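Notes follow once the structure below has been shown.
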Amino acid sequence: MYFPFLRGKQHELFALRDLNDSKVLSDEIFPVIEPVKYSTQLVSIVRGLLNDNRKLIVIMNPVVGTFLADLNDNEEQMEEILELMSHPNATIGYHINSNTALDELPQLVKRCGRYLEDTAIFHNDLRSLDNYEAIFGESEAKFNFIPDIKPLKRRFANNNGVLLRDSFIKRTPNAEYLNHQIEWFSSDHLDFEQEGFLGFSDYSIVGEEYTESGFGAKAVAFHIIYPDESNNLWVSHFVSDSNENRADQAGKFGEALYKFVNWYKQNKTALIDTQGLKELLDCNENGNFPGLGMLKRYSIKHHLELVGNMLVKV
């Protein structure tokens, strides 16, 4: 099972909705959404996915953004989210650490009409274990998301463990990807079961680091995951060349897209065609610059559909 960890920003949410509406989001994919702020868009998309029988994990105490503050400042919004988390296809996600109050999660679960054993716990380090054991006692959470730390891997192997790893190497500025055009991504989809885990998780092609949207970069870059002959996953970076200033974002995209199209023609027999890739190819056909947010959406859609297909393939 693949648990993509997506921040609840616009293009991540739309990527999920698009794939679900097109019936190409594999049942082997169990999305994790960490909302960065409350919005009617978030509620609408999450509710639509849940009502369409898509199982989701929604983290109720995000470590980034303003979501918690938004809810604490508006009781109506709080009740709306709690009602959403009472849906049978929703799983309450919760970050636990050494500072977690022992009554926080039980109270939240009770307000949603759920059980502790139905939750997904996100462990940040070894110091979280004492609080986890105090809260859960002899039982276990439904899912335990853990970083790649050996004692945690030992503790949760064969005990509802999900390995959460940031497989994407974030480089700044974007032009730095010109020096690393092809990079290793992951083989977790091949290895997780033999390591005793229920599944694996990553931050797609966005990476763990959270940033708000900013100004257009000097270099336009997008990132495409692909399998090699052994079904390991690699990432290819497509980057513009005219990177002296922030002018002409559309022209920069055209430079990166030209590289992608040539690469696709040479490698398409090794790829699994996806909706996201087709949308990129349509940009080339139509001479269209969709905007940087849409580029991220296309890349995420490709990644999720590809990994879903890979899990069926392997």
The rounded separation in angstrom of the Cα centers of the stretch 1-20 and the stretch 42-109 is 16
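With only Lys, Arg, Asp and Glu charged, each at its Cβ (+1 for the first two, -1 for the last two), find how big the charge dipole of the stretch 29-168 is about the Cα centre; round to the nearest 20 debye. Write down the numbers at each step before the final one.
Numbers: 14 positive and 20 negative charges, 132 e Å.
The calculated dipole for the stretch 29-168 is roughly 640 debye.
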Give Lys55/Lys218; Lys55/Lys278; Lys55/Lys265 a once-over and call out the pairs whose C-alpha atoms are over 32 Å from each other. Lys55/Lys218; Lys55/Lys265
Would you mind computing, in nm to one decimal, how far apart the modelled labels at Asn89 and Leu271 are, each placed 7 Å from Cα along Cα→Cβ? 3.0
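What is the percent of Cα-Cα separations in the stretch 74-165 that go past 21 Å?
Working: 1307 of 4186 pairs.
Taking all Cα-Cα pairs of the stretch 74-165, the fraction more than 21 Å apart is 31 percent.
Magnitude of the Cβ-charge dipole of the chain, K/R +1 and D/E -1, about the Cα centre, nearest 20 debye? Write down the numbers at each step before the final one.
Numbers: 31 positive and 46 negative charges, 110 e Å.
Using Cβ point charges on Lys, Arg, Asp and Glu, the chain gives about 520 debye.
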For the chain, give the share of DSSP beta bridges that are antiparallel, in percent and rounded to the nearest 5; count only bridges with both residues there. 30
Along the dipole axis of the chain (charges at Cβ: +1 for Lys and Arg, -1 for Asp and Glu; origin at the Cα centre), the most positive-end residue among Phe3, Met310, Asn97 is Met310
Out of Leu178, Leu13, Leu277, any idea which swings most in a Gaussian network model of the chain, alpha carbons joined below 10 Å? Leu178
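Across all directions of projection, what mean area in square nanometres is found for the Cα convex hull of the chain?
Details: hull surface 65.6 nm².
That works out to 16.4 nm².
Using a 10 Å cut-off around each Cβ, can you sort Arg154, Arg54 from fewest to most neighbouring Cβ atoms? The partial results should precede the final answer.
Working: Arg154 12, Arg54 20.
Least crowded to most crowded, the residues run Arg154, Arg54.
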Computed FRET efficiency, Cβ-Cβ of Leu190 and Lys170, R0 22 Å: what is it to the nearest 0.05? 0.40
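No value in this document is a laboratory result; all are computed from the given coordinates. Only a predicted model underlies this, so the values are computations on that prediction, with no experimental measurement involved. For neighbour counting, all protein chains shown are included, and Cβ atoms are generated from backbone atoms with ideal geometry for every residue, glycine included.
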